[in-house]
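Each remark here refers to the structure printed beneath this line.
Laboratory data are not the source of any read-out in this text; all were calculated from the coordinates shown. Keep in mind that this is a model prediction, so the values were computed, not measured. Glycine gets a Cβ as well: all are built from the backbone with ideal geometry, and neighbour counts include every protein chain shown.
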C-alpha cells in the first residue's frame, strides 16, 4: 500500500497553500483535488482583492497559478475524491474513489464550504455573470448600480448594508414577513435609505442576457409577481461546510464546521489538521483560507518532526 507523510484533502486556496509549504518542508505531500478542483473560486469571474494581482485575475487562473506553484516544489496533485478515512489506525488509511487506499502519517483537511443556492435553473445559468454568493468578493463590480440580496439573517443584512455603501439601490428579498437578523442588524438595514426590504417575496427567475444579469422576477405570497431591474444578484442564505465525511469522527460545531484548538489548525485527533472555509464560518475569503493553509502545513510539519 502506498504511504505518504502528509495527505491534503481539497484544492482551494487553503489546500494549495498547505501543499506549497508542506512541499518546501520536504514532506512530499499528496493532494487530492476533490469534487470541485480549485474550490469555490473557480465559479468567480474576477478577483481584485487578493494581494499580488494588481490588475485582478479570474478565479480559475488564480487557482491554476497556485496549483502550478505547489507542483513546482514537488506536491503530487491528483484527481480523485476521498471517500473514507480510518482514523482509528496509525498511519491513517484513506480510501480514494471507493477503491484505492493510501496510508497517511498526517492529514490536512481543506474541503471548504459550499454556498447554498435557491436551485433555480436561471440562477445556475448566470452564476459568475451577476449571480454571486459573496458580496465582499464581487460587490465592487456593481458600484453605483442596482443589486439584490436574498436572505433575512445577519449575513444577508451585513451584505445588504455593505452593498448599500457602494451601490445605488439594494433590494433585500426576504421570503418571510420578518427579518431573522439581530435587532442591531435590523436597525442598520431599516436606517439605510437605499435598501428596500421586500418581505414575503420569493425569486421565481433570474433574468439576463449574454452579458449577464439584468433583473429578477419575484412572486409575493399573495401570488402577485413583480420584476426588478438589477445587475447583481447575491445569495446570502448560508453555507454548508463539506464535512459529511468527518461526522462522528472529527469534532464539529452546531453548523458542521470543524472545530480546531484556538490559535492552531489542530483538530481533536492528533495528526489531523483543518484549514480554510471548512473551519471558518465567519470570513470565507481566499486570503484567509490561504493563511490558514500555511498554518496547517506548519502545524503538520512540527507534528511530524516530533514523532
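Which of rounded, prolate or oblate describes region 234-307 when judged by the alpha-carbon gyration tensor and an a/c cut-off of 1.5?
oblate
Treat each spin label as a single point 7 Å out from the Cα along the C-beta direction, and report the residue 202 to residue 129 distance in nm.
2.6 nm
With the Cα gyration tensor of region 103-178 in hand, give its eigenvalues times 5 under a square root as the equivalent ellipsoid semi-axes, listed largest first in whole angstrom. Kindly include the intermediate steps, with their values, before the conclusion.
Details: eigenvalues 164, 46, 42 Å².
Semi-axes (√(5λ), whole Å): 29, 15, 14.
Provide the gained length on full extension for the span residue 226 to residue 79, in nm with one decimal, where the gain is 0.36 nm per separating residue minus the Cα-Cα distance.
48.4 nm
Kirkwood Rh, region 12-133, all Cα pairs: how many Å?
It works out to 16.0 Å.
Once fully extended, how much extra length lies between residue 183 and residue 1, figured as 0.36 nm per residue of separation less the alpha-carbon to alpha-carbon distance? Show your work: numbers first, answer last.
Values: separation 182, 0.36 × 182 = 65.52 nm, distance 5.66 nm.
Full extension of this stretch gives 59.9 nm more.
For the residue pair residue 35 and residue 101, what label-to-label distance in nm results when each label sits 7 Å from Cα along the Cα-to-beta-carbon direction?
2.4 nm
Just grab the label-to-label distance for residue 245 and residue 304, each label 7 Å out from Cα along the Cβ direction, in nm (one decimal).
Rounded to a tenth, the inter-label distance reads 1.8 nm.
Could you sort the peptides 125-133, 63-71 by per-residue average Cβ neighbour count (10 Å cutoff), highest mean leading?
Sorting 125-133, 63-71 by mean packing, highest first, produces 125-133, 63-71.
Can you show me the helix-derived [θ] at 222 nm for the chain, built from DSSP H runs with n ≥ 4 at -39,500 (n - 2.57) apiece and divided by the number of residues, rounded to the nearest 500.
Theoretical 222 nm ellipticity from helices: -7000 deg cm²/dmol.
Based on C-alpha coordinates, I'd like the Rg and Dmax of region 117-235, in Å.
Here Rg and the maximum Cα pair distance are 13.0, 40 Å.
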